[in-house]
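Written below as C-alpha coordinates is the structure these notes are about.
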Amino acid sequence: MYLHGTSRINEKGHLEIGGCDTVQLAREFGTPLYVYDEQLIRENCRAFVEAFQTTGFSFQVAYASKAFCTMAICRLVAEEGLSLDVVSAGELYTALKAGYPAERIHFHGNNKSPEELAMALEAGIGCFVADNFYELEMLNLLAKERGKTAVVLLRITPGVEAHTHEYIATGQQDSKFGLDIQSGQALKAVRRCLQAEALELLGVHCHIGSQIFETEGFVAAVVQVAQFLQTVREECGYTARVVNLGGGYGIRYVEGDTPRTPAHYINAITQAVRTEFAQRQLPFPELWIEPGRSIVGEAGTTLYRIGSVKEIPNVRKYVAVDGGMTDNLRPALYQARYEAGLANRMNEQPGEIVSIAGKCCESGDMLIWDIALPPVQSGDILAVPCTGAYGYAMASNYNRIPRPAVVFVRDGQARLVVERETLDDLVRLDRIADPIPLQR
Ligand code: LLP
(Lines give C-alpha, C1' and ligand atoms only; values in the text may rest on other atoms or scores of the structure.)
Protein backbone atom coordinates (compact mmCIF):
# COMPACT_ATOMS: atom_id res chain seq x y z
CA MET A 1 0.00 0.00 0.00
CA TYR A 2 1.40 3.34 -1.06
CA LEU A 3 1.75 5.89 1.76
CA HIS A 4 0.53 9.34 0.74
CA GLY A 5 1.23 12.64 2.51
CA THR A 6 1.94 12.28 6.22
CA SER A 7 0.94 8.58 6.26
CA ARG A 8 3.60 6.37 7.84
CA ILE A 9 3.97 3.20 9.85
CA ASN A 10 4.50 3.90 13.58
CA GLU A 11 6.43 2.00 16.26
CA LYS A 12 3.44 -0.28 16.88
CA GLY A 13 3.35 -1.26 13.23
CA HIS A 14 0.11 0.71 12.84
CA LEU A 15 -0.79 3.07 10.05
CA GLU A 16 -0.42 6.65 11.23
CA ILE A 17 -1.86 9.68 9.44
CA GLY A 18 -1.29 13.27 10.52
CA GLY A 19 0.50 11.97 13.61
CA CYS A 20 -2.59 9.98 14.67
CA ASP A 21 -2.64 6.21 15.08
CA THR A 22 -5.44 5.04 12.81
CA VAL A 23 -6.23 2.03 15.00
CA GLN A 24 -6.88 4.46 17.84
CA LEU A 25 -8.95 6.66 15.51
CA ALA A 26 -11.06 3.65 14.57
CA ARG A 27 -11.60 2.83 18.23
CA GLU A 28 -12.43 6.40 19.19
CA PHE A 29 -14.65 7.43 16.29
CA GLY A 30 -15.89 4.05 15.09
CA THR A 31 -15.81 2.60 11.59
CA PRO A 32 -16.21 3.12 8.74
CA LEU A 33 -14.37 6.38 9.16
CA TYR A 34 -13.08 8.87 6.61
CA VAL A 35 -9.74 10.24 7.78
CA TYR A 36 -8.36 13.31 6.03
CA ASP A 37 -4.72 14.37 6.13
CA GLU A 38 -5.14 18.11 6.60
CA GLN A 39 -1.52 18.94 5.86
CA LEU A 40 -1.66 17.12 2.53
CA ILE A 41 -4.81 19.01 1.52
CA ARG A 42 -3.09 22.31 2.33
CA GLU A 43 0.05 21.26 0.44
CA ASN A 44 -2.05 20.37 -2.60
CA CYS A 45 -3.80 23.76 -2.52
CA ARG A 46 -0.45 25.54 -2.26
CA ALA A 47 1.14 23.48 -5.02
CA PHE A 48 -1.42 24.78 -7.55
CA VAL A 49 -1.19 28.36 -6.29
CA GLU A 50 2.62 28.35 -6.27
CA ALA A 51 2.74 26.77 -9.73
CA PHE A 52 0.71 29.70 -11.10
CA GLN A 53 2.69 32.31 -9.17
CA THR A 54 5.86 31.45 -11.11
CA THR A 55 4.14 31.88 -14.49
CA GLY A 56 3.27 35.56 -14.28
CA PHE A 57 -0.37 34.90 -15.20
CA SER A 58 -3.22 36.30 -13.17
CA PHE A 59 -5.12 33.30 -11.90
CA GLN A 60 -7.70 31.76 -9.62
CA VAL A 61 -7.56 28.23 -8.30
CA ALA A 62 -11.09 27.15 -7.44
CA TYR A 63 -11.58 24.00 -5.43
CA ALA A 64 -14.29 21.87 -7.07
CA SER A 65 -16.29 21.19 -3.94
CA LYS A 66 -18.28 18.35 -5.55
CA ALA A 67 -15.25 16.15 -4.75
CA PHE A 68 -15.87 16.59 -1.03
CA CYS A 69 -18.13 19.29 0.32
CA THR A 70 -18.50 19.93 4.03
CA MET A 71 -18.26 23.09 6.08
CA ALA A 72 -14.80 22.17 7.38
CA ILE A 73 -13.26 21.66 3.94
CA CYS A 74 -14.84 24.89 2.72
CA ARG A 75 -13.30 26.70 5.66
CA LEU A 76 -9.92 25.08 5.01
CA VAL A 77 -9.73 25.97 1.32
CA ALA A 78 -10.95 29.50 2.12
CA GLU A 79 -8.00 29.80 4.49
CA GLU A 80 -5.72 28.69 1.68
CA GLY A 81 -7.03 31.54 -0.46
CA LEU A 82 -8.69 29.37 -3.07
CA SER A 83 -11.94 30.11 -4.85
CA LEU A 84 -14.76 27.59 -4.76
CA ASP A 85 -16.80 25.86 -7.42
CA VAL A 86 -20.29 24.76 -6.38
CA VAL A 87 -22.93 22.96 -8.44
CA SER A 88 -26.09 23.10 -6.35
CA ALA A 89 -27.95 25.04 -3.70
CA GLY A 90 -26.68 22.44 -1.23
CA GLU A 91 -23.03 23.03 -1.98
CA LEU A 92 -23.61 26.78 -2.06
CA TYR A 93 -25.41 26.68 1.26
CA THR A 94 -22.62 24.63 2.83
CA ALA A 95 -20.01 27.12 1.65
CA LEU A 96 -21.97 30.16 2.82
CA LYS A 97 -22.65 28.54 6.19
CA ALA A 98 -18.91 27.95 6.53
CA GLY A 99 -18.37 31.66 5.95
CA TYR A 100 -16.92 31.30 2.47
CA PRO A 101 -16.53 34.72 0.86
CA ALA A 102 -19.39 34.78 -1.67
CA GLU A 103 -17.40 36.74 -4.21
CA ARG A 104 -14.99 33.82 -4.50
CA ILE A 105 -17.74 31.31 -5.31
CA HIS A 106 -18.43 30.11 -8.88
CA PHE A 107 -21.73 28.40 -9.63
CA HIS A 108 -21.81 25.50 -12.11
CA GLY A 109 -24.46 23.12 -13.33
CA ASN A 110 -26.37 22.15 -16.45
CA ASN A 111 -29.79 22.65 -14.90
CA LYS A 112 -29.71 25.27 -12.20
CA SER A 113 -33.18 25.99 -10.93
CA PRO A 114 -34.65 29.49 -10.68
CA GLU A 115 -34.50 29.13 -6.88
CA GLU A 116 -30.82 28.21 -7.02
CA LEU A 117 -29.99 31.12 -9.32
CA ALA A 118 -31.92 33.54 -7.12
CA MET A 119 -30.18 32.26 -4.00
CA ALA A 120 -26.77 32.73 -5.63
CA LEU A 121 -27.66 36.20 -6.90
CA GLU A 122 -28.81 37.27 -3.48
CA ALA A 123 -25.67 35.86 -1.85
CA GLY A 124 -23.61 37.92 -4.32
CA ILE A 125 -21.48 35.09 -5.68
CA GLY A 126 -18.54 35.90 -7.94
CA CYS A 127 -19.58 34.21 -11.11
CA PHE A 128 -22.12 31.98 -12.83
CA VAL A 129 -20.74 29.37 -15.19
CA ALA A 130 -23.69 29.39 -17.57
CA ASP A 131 -24.35 26.16 -19.36
CA ASN A 132 -27.22 26.79 -21.78
CA PHE A 133 -29.67 29.31 -23.25
CA TYR A 134 -32.42 28.47 -20.77
CA GLU A 135 -30.13 29.46 -17.94
CA LEU A 136 -29.00 32.68 -19.65
CA GLU A 137 -32.58 33.83 -20.11
CA MET A 138 -33.55 32.99 -16.56
CA LEU A 139 -30.43 34.52 -15.04
CA ASN A 140 -30.87 37.73 -17.02
CA LEU A 141 -34.46 38.01 -15.85
CA LEU A 142 -33.75 37.22 -12.22
CA ALA A 143 -30.80 39.61 -12.10
CA LYS A 144 -32.85 42.36 -13.75
CA GLU A 145 -35.66 41.89 -11.22
CA ARG A 146 -33.16 42.40 -8.45
CA GLY A 147 -31.41 45.35 -10.06
CA LYS A 148 -28.22 43.31 -10.22
CA THR A 149 -25.75 42.25 -12.87
CA ALA A 150 -24.78 38.60 -13.06
CA VAL A 151 -21.18 37.94 -13.98
CA VAL A 152 -21.01 35.04 -16.41
CA LEU A 153 -18.54 32.57 -17.84
CA LEU A 154 -19.93 30.57 -20.73
CA ARG A 155 -19.28 26.87 -20.54
CA ILE A 156 -18.24 25.66 -23.97
CA THR A 157 -17.53 22.14 -25.15
CA PRO A 158 -14.29 22.29 -27.04
CA GLY A 159 -14.76 18.85 -28.61
CA VAL A 160 -11.76 17.40 -26.82
CA GLU A 161 -12.14 13.85 -25.63
CA ALA A 162 -9.84 13.30 -22.71
CA HIS A 163 -8.35 9.86 -22.27
CA THR A 164 -10.42 8.75 -19.31
CA HIS A 165 -13.36 6.60 -18.28
CA GLU A 166 -16.27 7.31 -20.61
CA TYR A 167 -18.66 8.12 -17.73
CA ILE A 168 -16.57 11.08 -16.75
CA ALA A 169 -15.46 12.42 -20.10
CA THR A 170 -17.34 15.67 -20.56
CA GLY A 171 -15.36 17.69 -23.09
CA GLN A 172 -16.62 15.96 -26.21
CA GLN A 173 -19.19 17.50 -28.52
CA ASP A 174 -21.95 15.03 -27.61
CA SER A 175 -22.25 16.05 -23.97
CA LYS A 176 -25.02 17.12 -21.65
CA PHE A 177 -22.76 19.95 -20.51
CA GLY A 178 -22.08 23.27 -22.12
CA LEU A 179 -22.46 24.99 -25.44
CA ASP A 180 -21.02 23.35 -28.48
CA ILE A 181 -18.47 25.28 -30.56
CA GLN A 182 -18.77 23.34 -33.82
CA SER A 183 -22.49 23.88 -34.34
CA GLY A 184 -22.26 27.59 -33.57
CA GLN A 185 -24.22 27.42 -30.31
CA ALA A 186 -21.34 28.77 -28.28
CA LEU A 187 -21.00 31.84 -30.50
CA LYS A 188 -24.73 32.42 -30.38
CA ALA A 189 -24.58 32.30 -26.58
CA VAL A 190 -21.82 34.92 -26.57
CA ARG A 191 -24.04 37.20 -28.65
CA ARG A 192 -26.94 36.59 -26.31
CA CYS A 193 -24.83 37.49 -23.28
CA LEU A 194 -23.53 40.65 -24.88
CA GLN A 195 -27.07 41.80 -25.63
CA ALA A 196 -28.49 40.86 -22.24
CA GLU A 197 -29.15 43.82 -20.03
CA ALA A 198 -28.27 42.19 -16.73
CA LEU A 199 -25.43 39.88 -17.75
CA GLU A 200 -21.75 40.70 -17.82
CA LEU A 201 -19.70 38.26 -19.86
CA LEU A 202 -16.35 37.59 -18.22
CA GLY A 203 -15.08 34.84 -20.51
CA VAL A 204 -15.36 31.13 -21.17
CA HIS A 205 -15.09 27.86 -19.31
CA CYS A 206 -14.37 24.32 -20.39
CA HIS A 207 -13.73 21.03 -18.63
CA ILE A 208 -12.43 18.08 -20.59
CA GLY A 209 -12.79 15.24 -18.12
CA SER A 210 -11.44 13.78 -14.92
CA GLN A 211 -8.52 11.69 -13.61
CA ILE A 212 -6.35 12.84 -16.53
CA PHE A 213 -2.60 12.21 -16.41
CA GLU A 214 -1.38 13.61 -19.71
CA THR A 215 -1.15 17.29 -20.60
CA GLU A 216 -2.18 16.84 -24.25
CA GLY A 217 -5.91 17.10 -23.57
CA PHE A 218 -5.51 20.36 -21.66
CA VAL A 219 -3.28 21.78 -24.40
CA ALA A 220 -5.76 20.71 -27.09
CA ALA A 221 -8.51 22.47 -25.12
CA VAL A 222 -6.44 25.66 -24.99
CA VAL A 223 -6.04 25.55 -28.78
CA GLN A 224 -9.81 25.15 -29.25
CA VAL A 225 -10.58 27.94 -26.79
CA ALA A 226 -8.09 30.31 -28.43
CA GLN A 227 -9.56 29.56 -31.86
CA PHE A 228 -13.04 30.15 -30.53
CA LEU A 229 -12.07 33.43 -28.87
CA GLN A 230 -10.50 34.57 -32.13
CA THR A 231 -13.80 33.92 -33.89
CA VAL A 232 -15.64 35.69 -31.09
CA ARG A 233 -13.43 38.75 -31.47
CA GLU A 234 -13.89 38.79 -35.24
CA GLU A 235 -17.64 38.24 -35.09
CA CYS A 236 -18.59 40.21 -32.00
CA GLY A 237 -15.64 42.46 -31.23
CA TYR A 238 -15.56 40.96 -27.77
CA THR A 239 -12.36 40.00 -25.91
CA ALA A 240 -12.55 37.51 -23.04
CA ARG A 241 -10.91 38.47 -19.78
CA VAL A 242 -11.03 35.03 -18.15
CA VAL A 243 -10.48 31.50 -19.40
CA ASN A 244 -11.40 28.72 -16.99
CA LEU A 245 -9.97 25.34 -17.94
CA GLY A 246 -11.83 23.25 -15.38
CA GLY A 247 -10.32 20.46 -13.34
CA GLY A 248 -9.46 16.85 -13.98
CA TYR A 249 -5.86 16.46 -12.78
CA GLY A 250 -5.25 12.81 -12.00
CA ILE A 251 -4.09 11.23 -8.75
CA ARG A 252 -2.37 7.98 -7.83
CA TYR A 253 -4.96 5.43 -6.77
CA VAL A 254 -2.94 2.31 -7.57
CA GLU A 255 0.47 1.35 -8.85
CA GLY A 256 0.74 2.29 -12.50
CA ASP A 257 -1.20 5.54 -12.09
CA THR A 258 1.17 8.28 -13.16
CA PRO A 259 -0.08 11.73 -12.20
CA ARG A 260 2.19 14.71 -12.88
CA THR A 261 2.81 17.51 -10.40
CA PRO A 262 0.53 20.56 -10.40
CA ALA A 263 3.48 22.57 -11.71
CA HIS A 264 3.79 20.22 -14.68
CA TYR A 265 0.15 20.73 -15.68
CA ILE A 266 0.16 24.47 -15.04
CA ASN A 267 3.38 24.98 -17.03
CA ALA A 268 1.97 23.06 -19.99
CA ILE A 269 -1.28 25.03 -19.86
CA THR A 270 0.31 28.45 -19.49
CA GLN A 271 2.83 27.73 -22.24
CA ALA A 272 0.00 26.71 -24.56
CA VAL A 273 -1.94 29.86 -23.67
CA ARG A 274 1.11 32.02 -24.36
CA THR A 275 1.67 30.43 -27.77
CA GLU A 276 -1.94 30.18 -28.92
CA PHE A 277 -3.06 33.61 -27.73
CA ALA A 278 0.07 35.44 -28.93
CA GLN A 279 -0.27 33.82 -32.35
CA ARG A 280 -3.75 35.32 -32.66
CA GLN A 281 -2.83 38.64 -31.09
CA LEU A 282 -5.30 37.97 -28.32
CA PRO A 283 -4.42 39.47 -24.93
CA PHE A 284 -3.47 36.89 -22.28
CA PRO A 285 -6.54 36.08 -20.21
CA GLU A 286 -6.71 35.52 -16.50
CA LEU A 287 -6.55 31.75 -16.03
CA TRP A 288 -8.82 29.85 -13.70
CA ILE A 289 -8.73 26.15 -12.90
CA GLU A 290 -10.97 23.89 -10.80
CA PRO A 291 -9.14 20.94 -9.27
CA GLY A 292 -11.24 18.72 -7.02
CA ARG A 293 -9.84 15.22 -6.87
CA SER A 294 -6.21 16.40 -6.88
CA ILE A 295 -6.84 18.57 -3.80
CA VAL A 296 -8.55 16.01 -1.57
CA GLY A 297 -8.35 12.57 -3.22
CA GLU A 298 -5.02 11.27 -1.93
CA ALA A 299 -5.60 13.00 1.41
CA GLY A 300 -8.55 10.78 2.35
CA THR A 301 -8.31 7.26 3.77
CA THR A 302 -11.28 5.13 4.77
CA LEU A 303 -10.94 2.87 7.81
CA TYR A 304 -13.16 -0.20 7.99
CA ARG A 305 -13.46 -3.02 10.47
CA ILE A 306 -13.29 -6.47 8.97
CA GLY A 307 -16.19 -8.73 9.88
CA SER A 308 -17.05 -11.96 8.14
CA VAL A 309 -14.38 -13.82 6.22
CA LYS A 310 -15.58 -16.51 3.87
CA GLU A 311 -13.37 -18.85 1.93
CA ILE A 312 -14.85 -20.80 -0.98
CA PRO A 313 -12.28 -23.55 -1.46
CA ASN A 314 -10.36 -23.18 -4.73
CA VAL A 315 -12.50 -20.20 -5.67
CA ARG A 316 -12.02 -17.08 -3.60
CA LYS A 317 -11.73 -15.63 -0.13
CA TYR A 318 -14.26 -12.89 0.56
CA VAL A 319 -13.35 -10.44 3.30
CA ALA A 320 -16.31 -8.29 4.27
CA VAL A 321 -16.02 -4.82 5.78
CA ASP A 322 -18.55 -2.72 7.67
CA GLY A 323 -19.04 -0.30 4.75
CA GLY A 324 -18.86 -0.58 0.98
CA MET A 325 -20.71 1.02 -1.92
CA THR A 326 -22.59 3.27 0.49
CA ASP A 327 -19.36 5.07 1.45
CA ASN A 328 -17.43 4.45 -1.77
CA LEU A 329 -19.52 4.07 -4.89
CA ARG A 330 -16.58 4.37 -7.27
CA PRO A 331 -15.70 0.67 -7.63
CA ALA A 332 -19.33 -0.24 -8.39
CA LEU A 333 -19.94 2.75 -10.65
CA TYR A 334 -16.66 3.06 -12.53
CA GLN A 335 -14.83 -0.18 -11.78
CA ALA A 336 -12.40 2.07 -9.93
CA ARG A 337 -9.41 0.35 -8.33
CA TYR A 338 -7.92 0.89 -4.89
CA GLU A 339 -5.08 -0.38 -2.77
CA ALA A 340 -5.52 -1.32 0.89
CA GLY A 341 -3.58 -2.37 3.96
CA LEU A 342 -4.24 -3.72 7.41
CA ALA A 343 -3.89 -0.61 9.56
CA ASN A 344 -3.18 -2.66 12.69
CA ARG A 345 -0.51 -4.90 11.08
CA MET A 346 1.26 -2.76 8.51
CA ASN A 347 4.65 -4.50 8.80
CA GLU A 348 3.37 -8.00 8.16
CA GLN A 349 4.09 -9.51 4.78
CA PRO A 350 1.24 -10.26 2.40
CA GLY A 351 0.33 -13.92 2.68
CA GLU A 352 -2.89 -14.35 0.74
CA ILE A 353 -4.99 -12.96 -2.04
CA VAL A 354 -8.46 -11.87 -0.94
CA SER A 355 -11.34 -9.80 -2.27
CA ILE A 356 -12.89 -7.04 -0.19
CA ALA A 357 -16.68 -7.06 -0.09
CA GLY A 358 -19.01 -4.38 1.18
CA LYS A 359 -22.01 -5.13 3.38
CA CYS A 360 -24.80 -4.11 1.00
CA CYS A 361 -27.32 -6.52 -0.45
CA GLU A 362 -25.88 -6.24 -3.88
CA SER A 363 -23.36 -8.55 -5.55
CA GLY A 364 -21.76 -5.54 -7.20
CA ASP A 365 -20.85 -4.17 -3.80
CA MET A 366 -17.19 -5.20 -4.00
CA LEU A 367 -14.54 -2.65 -3.01
CA ILE A 368 -11.41 -4.47 -4.21
CA TRP A 369 -10.92 -7.68 -6.17
CA ASP A 370 -7.83 -9.80 -5.63
CA ILE A 371 -5.59 -7.93 -3.27
CA ALA A 372 -2.59 -9.35 -1.42
CA LEU A 373 -2.89 -8.86 2.35
CA PRO A 374 -1.34 -10.43 5.44
CA PRO A 375 -3.55 -13.30 6.72
CA VAL A 376 -6.77 -11.45 7.54
CA GLN A 377 -8.70 -11.85 10.77
CA SER A 378 -12.12 -10.59 11.77
CA GLY A 379 -11.61 -7.43 13.78
CA ASP A 380 -8.65 -6.18 11.74
CA ILE A 381 -8.81 -2.59 10.54
CA LEU A 382 -8.66 -2.22 6.78
CA ALA A 383 -7.33 1.09 5.48
CA VAL A 384 -8.23 2.10 1.94
CA PRO A 385 -6.26 5.17 0.90
CA CYS A 386 -7.16 7.67 -1.81
CA THR A 387 -10.86 7.83 -0.97
CA GLY A 388 -10.88 11.57 -0.29
CA ALA A 389 -12.58 12.59 -3.54
CA TYR A 390 -16.09 11.45 -4.50
CA GLY A 391 -16.27 9.07 -1.55
CA TYR A 392 -18.18 10.89 1.16
CA ALA A 393 -19.52 13.14 -1.60
CA MET A 394 -21.30 10.24 -3.30
CA ALA A 395 -22.16 8.31 -0.14
CA SER A 396 -25.70 7.04 0.20
CA ASN A 397 -28.01 5.45 2.74
CA TYR A 398 -28.68 2.38 0.61
CA ASN A 399 -29.88 -0.43 2.86
CA ARG A 400 -30.43 2.32 5.42
CA ILE A 401 -26.78 2.29 6.34
CA PRO A 402 -25.82 5.47 8.20
CA ARG A 403 -23.11 7.53 6.55
CA PRO A 404 -19.73 7.44 8.31
CA ALA A 405 -18.08 10.17 10.32
CA VAL A 406 -15.28 12.32 8.93
CA VAL A 407 -12.20 13.40 10.88
CA PHE A 408 -9.41 15.77 9.92
CA VAL A 409 -6.04 14.83 11.38
CA ARG A 410 -3.00 17.01 11.77
CA ASP A 411 0.04 17.15 14.09
CA GLY A 412 -1.23 14.32 16.26
CA GLN A 413 -4.68 15.82 16.70
CA ALA A 414 -7.99 14.69 15.27
CA ARG A 415 -11.09 16.81 14.88
CA LEU A 416 -14.48 15.42 14.08
CA VAL A 417 -15.77 17.49 11.14
CA VAL A 418 -18.80 15.39 10.21
CA GLU A 419 -20.61 13.32 12.79
CA ARG A 420 -21.58 9.75 12.09
CA GLU A 421 -25.23 9.46 11.11
CA THR A 422 -27.40 7.77 13.71
CA LEU A 423 -30.31 5.42 13.20
CA ASP A 424 -32.57 8.26 14.27
CA ASP A 425 -31.08 10.43 11.52
CA LEU A 426 -32.22 7.79 9.06
CA VAL A 427 -35.86 8.13 10.04
CA ARG A 428 -35.74 11.86 10.78
CA LEU A 429 -37.65 12.82 7.63
CA ASP A 430 -39.95 9.80 7.56
CA ARG A 431 -43.62 10.25 8.32
CA ILE A 432 -46.39 7.78 8.93
CA ALA A 433 -49.29 10.08 8.27
CA ASP A 434 -52.87 10.03 7.01
CA PRO A 435 -53.21 10.63 3.30
CA ILE A 436 -53.87 14.22 2.32
CA PRO A 437 -56.27 14.60 -0.61
CA LEU A 438 -54.67 16.42 -3.56
CA GLN A 439 -56.43 19.63 -4.51
CA ARG A 440 -58.25 19.50 -7.79
N1 LLP B 1 -14.93 21.39 -12.96
C2 LLP B 1 -15.99 20.83 -13.56
C3 LLP B 1 -16.83 21.63 -14.44
C4 LLP B 1 -16.29 19.47 -13.34
O5 LLP B 1 -17.32 18.93 -13.94
C6 LLP B 1 -15.47 18.71 -12.47
C7 LLP B 1 -15.78 17.32 -12.19
C8 LLP B 1 -14.37 19.35 -11.85
C9 LLP B 1 -14.14 20.68 -12.13
C10 LLP B 1 -13.46 18.64 -10.91
O11 LLP B 1 -12.82 17.57 -11.52
P12 LLP B 1 -11.66 16.80 -10.74
O13 LLP B 1 -10.50 17.75 -10.62
O14 LLP B 1 -12.16 16.42 -9.42
O15 LLP B 1 -11.36 15.63 -11.60
N16 LLP B 1 -17.63 11.17 -9.57
C17 LLP B 1 -16.52 10.97 -10.52
C18 LLP B 1 -15.94 12.28 -10.95
C19 LLP B 1 -16.94 13.20 -11.56
C20 LLP B 1 -16.31 14.48 -11.96
C21 LLP B 1 -17.33 15.49 -12.28
N22 LLP B 1 -16.81 16.76 -12.61
C23 LLP B 1 -15.46 10.11 -9.87
O24 LLP B 1 -15.66 9.65 -8.76
O25 LLP B 1 -14.43 9.83 -10.49
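The values are calculated or read from the model by the stated rules, or taken from the named source; none is laboratory data. Because the structure is a prediction, the values reported are computed rather than measured. Every residue, glycine as well, gets a Cβ built from its backbone with ideal geometry; the counts of neighbours run over all protein chains shown. Just the protein is used for accessible areas: all its heavy atoms, side chains included, with ligands, DNA and RNA removed. Shrake-Rupley method; radii C 1.70, N 1.55, O 1.52, S 1.80 Å.
For (1) outside the structural domain of Ala414 (by TED's automatic domain parsing); (2) out of contact with any helix residue (DSSP H, G or I) (no Cβ under 8 Å at 6 or more places or on another chain), each residue gets a yes or a no:
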{"site": "Glu28", "(1), (2)": "no, yes"}
{"site": "Arg42", "(1), (2)": "yes, no"}
{"site": "Val49", "(1), (2)": "yes, yes"}
{"site": "Tyr63", "(1), (2)": "yes, no"}
{"site": "Met71", "(1), (2)": "yes, no"}
{"site": "Leu76", "(1), (2)": "yes, no"}
{"site": "Ala98", "(1), (2)": "yes, no"}
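Applying the selection to the stretch 194-209, what residues are open to solvent by 10 Å² or more (accessible area, probe 1.4 Å) and assigned to a strand (DSSP E or B)? The answer is Leu199, Glu200, Leu201, Leu202.
Determine whether the stretch 324-331 contains at least one residue that is open to solvent by 60 Å² or more (accessible area, probe 1.4 Å) and of a type outside the set (Ser, Thr, Tyr).
No, the stretch 324-331 contains no residue that is open to solvent by 60 Å² or more (accessible area, probe 1.4 Å) and of a type outside the set (Ser, Thr, Tyr).
When the stretch 402-424 is limited to residues that are open to solvent by less than 70 Å² (accessible area, probe 1.4 Å) and not in a loop (DSSP other than H, G, I, E, B), the one that is farthest from the ligand (Cβ to nearest atom) turns out to be Ala414.
Considering only the stretch 243-259, I want to know if a residue exists there that is farther than 30 Å from Thr301 by Cβ, exposed (fewer than 15 other Cβ atoms within 10 Å of the Cβ), in contact with a Lys or Arg (Cβ under 9 Å, 6 or more places away or on another chain) and in the same structural domain as Glu137 (by TED's automatic domain parsing). Checked the stretch 243-259: no residue is farther than 30 Å from Thr301 by Cβ, exposed (fewer than 15 other Cβ atoms within 10 Å of the Cβ), in contact with a Lys or Arg (Cβ under 9 Å, 6 or more places away or on another chain) and in the same structural domain as Glu137 (by TED's automatic domain parsing).
Candidates in the stretch 213-228 are the residues that are open to solvent by 10 Å² or more (accessible area, probe 1.4 Å) and aliphatic (A, V, I, L, M); of these, the one that is farthest from the ligand (Cβ to nearest atom) is Val223. Looking across the stretch 291-309, just one residue is more than 8 Å from the ligand (Cβ to nearest atom) and assigned to a helix (DSSP H, G or I), and that is Val296. Residues in the stretch 271-290 that are of a type in the set (Phe, Trp, Tyr), open to solvent by 10 Å² or more (accessible area, probe 1.4 Å) and not in a loop (DSSP other than H, G, I, E, B): Trp288 alone. Mind listing whichever residues of the stretch 338-365 are open to solvent by less than 20 Å² (accessible area, probe 1.4 Å) and either under 15 Å from Ala320 (Cβ atoms) or of a type in the set (Ser, Thr, Tyr) (or both)? Across the stretch 338-365, the qualifying residues are Tyr338, Ala340, Leu342, Val354, Ser355, Ile356, Ala357, Gly358, Cys360, Asp365. Assess whether Ile156 counts as being modelled with pLDDT of 95 or more, of a type in the set (Val, Ile, Thr) and over 22 Å from Tyr249 (Cα atoms). Answer is no for this residue.
Of all the residues that make up the stretch 230-242, how many are open to solvent by less than 10 Å² (accessible area, probe 1.4 Å) and away from the ligand (no atom under 16 Å from the Cβ)?
1
Taking the conditions (1) in contact (Cβ under 8 Å) with a residue 60 or more places away in the chain; (2) outside any helix (DSSP H, G or I) in turn, Asn399 satisfies each one other than (2).
Only one of the numbered conditions (1) out of contact with any Phe, Trp or Tyr (no Cβ under 9 Å at 6 or more places or on another chain); (2) closer than 28 Å to Ala332 by Cα is not met by Pro437, and that is (2).
Of all residues in the stretch 369-398, none satisfies the criterion of being under 23 Å from Arg252 (Cα atoms), polar (S, T, N, Q) and away from the ligand (no atom under 16 Å from the Cβ).
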